Amino acid sequence: MRQHTDGPHGGTAADVLPPVGRLYDDGRRLFLHRSGSGGPAVVFLPGAGMVGLDYLNIHDAAAEFTTSVLYDRAGTGWSDQVPLPRTGAEVTDELRRLLHAAGVPTPYVLVGHSLGGAYARHYAQRFPDEVAGLLLMEPAHEDWDAHMPDPRLMVEVEDPHAAAGEGTSEPGEELLQQIRELFTQMLAGWPAPIRERIVDLHLDPVRGRTGPREKNFRTLYGELRRAEDTPDVPTIVLTAMALDPMMSWFMPEQLERRMNEGKRALYEALAASVPHGENRVLDDAGHNWLHAQRPDAVLQAIRDLLDRADT
């Protein structure tokens with residue numbers, strides 16, 4: 001892979017270049033931001049619809065005591081656009097090539113959020129010798145449906161633009177303002193120039209609407225079931241039990257509470273399924289922004305995993 005710091009494919013530098021980090025090219029450009037030194041390196045795998053810099057608060061703190069890496073999958077954030085969705089194998093192969101090209105030495109503590117949590121587990125299944133620990137924040141999981149309420153009561157979780165009745169057309173000004181205010185609030189601790197670029201990206205009509213297009217759960221869950229067992233590495237699951245502000249746009253509160261109870265049981269089972277697993281319940285954080293609402297809990301989990309990896 002080649003490193004790039006100048007104008008990318010299909011746009012001007014002002015339009016597409018990330019505010020920090022670099023673009024690495026092996027036929028498509030992938031964003032990666034690396035800070036700190038030492039190991040094991042901490043690598044963040046964003047949730048669907050999220051980008052690497054959404055986790056900058058934890059990244060900067062972790063970089064004070066180890067190497068920390070943020071990145072955007074192809075088709076998301078500041079990385080090049082590709083057809084979505086993709087398989088778990090494609091995503092994990094891509095991440096492995098990128099980390100090797102960036103010279104990030106193994107092993108890694110993978111920090112996966114939501115969809116990124118499923119990818120983190122799949123990476124560990126496929127490349128167990130490269131993983132020293134797993135932090136799974138509200139991870140997508142192949143047994144999700146079995147723990148959820150009656151499917152007839154479920155509301156499909158979609159892009160909030162579409163959920164608000166906008167379909168595939170441009171969202172209305174009122175919804176755009178709500179989205180902007182929420183992202184600005186959650187990213188309040190980020191440096192202002194970087195925060196503004198992240199919020200603008202999330203509101204972009206193309207690059208900011210990747211969440212629903214990334215989800216390929218039937219294929220991904222099949223890959224997880226067919227793969228080797230998750231390796232015997234320290235694993236911490238973070239379960240967020242508070243109501244999430246984004247969920248209120250398209251899900252009744254009572255249904256979200258019922259989903260949370262099913263989720264707690266699922267994540268308890270996930271933690272118990274590995275020899276060194278632990279589930280930590282956060283009553284004051286929601287699914288999408290737990291790392292902004294409880295950065296202390298996320299950072300403590302990373303420290304604990306690094307300590308356990310050393311022993």
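Coordinate-derived values only; no laboratory data. Owing to the predicted nature of the structure, the values given are computational and were not obtained by experimental measurement.
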Note, ³J(HN,Hα) from phi for region 181-192, Karplus 6.51, -1.76, 1.60, rounded to Hz, x at Gly and Pro: 5, 5, 5, 5, 5, 5, 9, 4, x, 7, x, 3
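Mean separation of Cα pairs under 8 Å and 6+ residues apart, divided by the residue count of region 15-65: what relative contact order is that in percent?
The normalised contact order for region 15-65 reaches 30 percent.
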Long-range HN-HN contacts of T66 with modeled amide H, under 5 Å: S37
Gaussian network model of the chain, Cα within-10 Å springs - most flexible of D145, D244, D25: D145
12 Å tail of the calculated P(r), region 261-311, as % of Cα pairs: 70
Rg and Dmax [Cα atoms of region 2-310; Å; Rg one decimal, Dmax integer]: 18.2, 51
Top of T219, T92, T66 by mean-square fluctuation, Gaussian network on the chain, Cα under 10 Å: T219
Under 5 Å, built H, 5+ apart or other chain: amide partners of R29: D80
Relative contact order (%) - the chain, alpha-carbon pairs under 8 angstrom, separation at least six: 19
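With n ≥ 4 as the cut-off for DSSP H runs, can you work out [θ] at 222 nm for the chain, using -39500 (n - 2.57) per run divided by the number of residues, rounded to the nearest 500? Could you put the intermediate results ahead of the total?
Numbers: 12 runs with 121 residues, N = 311.
For the chain, the value works out to -11500 deg cm²/dmol.
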Shape category assigned to region 198-286 from the gyration tensor of Cα positions, a/c cut at 1.5: oblate
Region 217-235 and region 90-113: distance between their alpha carbon centers, rounded to Å: 17
Antiparallel %, DSSP beta bridges [both residues in region 2-310], to 5: 30
